[in-house]
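First up is the structure itself, then whatever we jot down about it.
The values are calculated or read from the model by the stated rules, or taken from the named source; none is laboratory data. Worth saying up front: this structure is predicted, and the values here are computed from it rather than measured. FYI the Cβ positions are ideal-geometry reconstructions off the backbone, even for glycines, and counts take in every protein chain you see. Side chains are part of the model used for accessible areas, which takes the heavy atoms of the whole protein and leaves out ligands, DNA and RNA. Shrake-Rupley method; radii C 1.70, N 1.55, O 1.52, S 1.80 Å.
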Amino acid sequence: MTGLHLGPLLRYTDGSRATVWVETDRPRTAEVRCADGAGGTARTFQVAGHHYALVTVDGLTSGTSTEYEVLLDGEPAWPPPDSPFPPSVISTPTEEDGLRVAFGSCRWAAPPSGGKDKVGGPDALDTLAARIAANPRGERPDVLLLLGDQVYADETSDATRQWIAGRRDLNEEPGDQVADYEEYTHLYYESWRDPEVRWLLSTVPSCMIFDDHDVIDDWNTSAAWLADMRATDWWNERLLSGLMSYWVYQQLGNLSPDELAADPLWAAVHESPDGTGAVRAFAARADADPTSVRWSYRRDFGRTRLVMVDSRAARVLEEDRRAMLDPGEEAWLREQVLDGRDSYDHLLIGTSLPWLLPHLVHDAEAWNAAMCAGERGEKWARRGERIRRGADLEHWAAFPASFDALAGLIAEAGTGPGAPATISVLSGDVHHAYVAEPSWAGGRTPDAHVAQLTCSPVHNSVPLSIRLGFRFGWSALARALGRRVARHGRCAPAAVSWRKTGGPWFGNQLMTLTLRGRSARLRLEQTRTDRGGGLILRTAMERDLA
């Protein structure tokens, strides 16, 4: 493959434009050439010795699907001449076609060819790719939402550890975790060079947001946690490299061409022969002042609105004013949800961490937040911090005011004339899938159908302890236990109550929402190997939401 290091990834699409991301071996001019005459070119930019391009494709026709190829300096680079896959395409569905949104999170890279898969079970993205490739004209997602943990900086594979050991001493911190930008690029190569996933991402548009493992487990759990990390001699480089690589490999493709044109960092990396300094300064600013950078974004797909929310870097960690979102981020989310509310039929709120959790987990997190805030004194506060870190108590429930604020915003958006048909909170993280539906106090039920849709993992282990723990967490006994825990913490009642209406399901899996008009249908599919050794997605649940 001439000069094409990674990609192409089909990212942003609308009725007439698309963006295609590539990494090349050296400075080049990248061109996307479509069979219907649409296309675009871009010169690569450089970050830390690597070369990238994001090509804007203009001239697409709404309601069509066109094959495309990638050329570097005028020479064909994609598809490879011996590709076993169908041609990559750019599709622009119309509102009449409806919208299929597939989503999931938590993907360890597939093992190398012939290697043993320590996770167990087929990769859901590999399996989706196999199904689409077998029937290119059949059903496929119009967009793929990857809701966090696209790479695991703190849980590396045997092959990656061996590669890292060839460049530094693993006995020195951070050991076999990634340490710098170069090691992050290796994670993306390992994940996105998987042949099935590489082809899938070249032909299905994708939207992404980070979660903790993209940087480190339980990233930004608390102010005390962050102080401990900053006291190490390796954390600063790790964080800056994580944010830099996220901006290059994931965030750029989340943005529209118009948003990129207005982005001063995007301009800076193109105006300089080496954009490393500009991107590093941007990451340092994001670390020093998280309010200066916005990782959240909005995408409108006809009459479906997606608001992807950063529930990691935008946190306020001081115990006396803890919040999942800083005030500016919360105001932005409110503006995006309520702007032109009658212009959309379906609202999707993407947040890597579930809003509605199993009841015992929710109550434990609310209790822990009260303990850490000093509700039962300094001794309980110290104990609470240890429990918070050990048990990963850092979801929306651990930020009670933010939990209630999101409930209020959803109720406001979903009530009255012009309310959408559905409001879905899409999440991952917790290594199982479920559907939960809230009820508001006093019978103030929104007109929209509201659901928490959680789907995880795409490809990861689900130990027996997790299966048993979450099954119990949803039980009536666990709910009663949770109430007792909450009373000890003097926790105020949550703004909503909720019940599980689907699941829990365990295994490698994907959810798909099919939205057409004001109807919505949800499907959960799990990976299986058929008798002939082929990969299949088996439907575990399918139901109407509206």
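Numerical summary
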| read-out | value |
| --- | --- |
| Out of 492, 448, 476, 419, sole residue that is open to solvent by 30 Å² or more (accessible area, probe 1.4 Å) and either touching an Asp or Glu at 6+ places or on another chain (Cβ under 8 Å) or in contact (Cβ under 8 Å) with a residue 24 or more places away in the chain (or both) | 492 |
| Test: residue 310 is touching a Phe, Trp or Tyr at 6+ places or on another chain (Cβ under 7 Å), modelled with pLDDT of 95 or more and among the acidic types (Asp, Glu) | yes |
| Selection count where residues are in contact with a Leu (Cβ under 7 Å, 6 or more places away or on another chain) and within 15 Å of residue 361 (Cβ to Cβ), scope the stretch 483-514 | 1 |
| Qualifying positions in the stretch 176-208 - out of contact with any Ser or Thr (no Cβ under 7 Å at 6 or more places or on another chain), open to solvent by 10 Å² or more (accessible area, probe 1.4 Å) and in a loop (DSSP other than H, G, I, E, B) | 179, 193, 194 |
| Neighbours by Cβ (under 7 Å, 6+ apart or cross-chain): first from the stretch 209-225, over 14 Å from residue 152 (Cα atoms) and crowded, with 24+ Cβ neighbours inside 10 Å; second modelled with pLDDT under 95 and not polar (S, T, N, Q) | none |
| The stretch 389-398, residues that are among the charged types (D, E, K, R) and crowded, with 19+ Cβ neighbours inside 10 Å | 394 |
| Any hit, the stretch 39-57, residues being open to solvent by 40 Å² or more (accessible area, probe 1.4 Å), in contact with a Lys or Arg (Cβ under 9 Å, 6 or more places away or on another chain) and more than 29 Å from residue 182 (Cα to Cα) | no |
| Single unsatisfied condition, residue 401 versus (1) open to solvent by less than 50 Å² (accessible area, probe 1.4 Å); (2) assigned to a helix (DSSP H, G or I) | (1) |
| The stretch 66-82: number of residues that are at negative phi, open to solvent by 40 Å² or more (accessible area, probe 1.4 Å) and at pLDDT 95 or above | 5 |
| Residues located in the stretch 317-362, provided they are open to solvent by 30 Å² or more (accessible area, probe 1.4 Å), touching a residue at least 24 places away in the same chain (Cβ under 8 Å), closer than 26 Å to residue 449 by Cβ and of a type outside the set (Ser, Thr, Tyr) | 330, 332, 334, 338, 341, 342, 360, 361 |
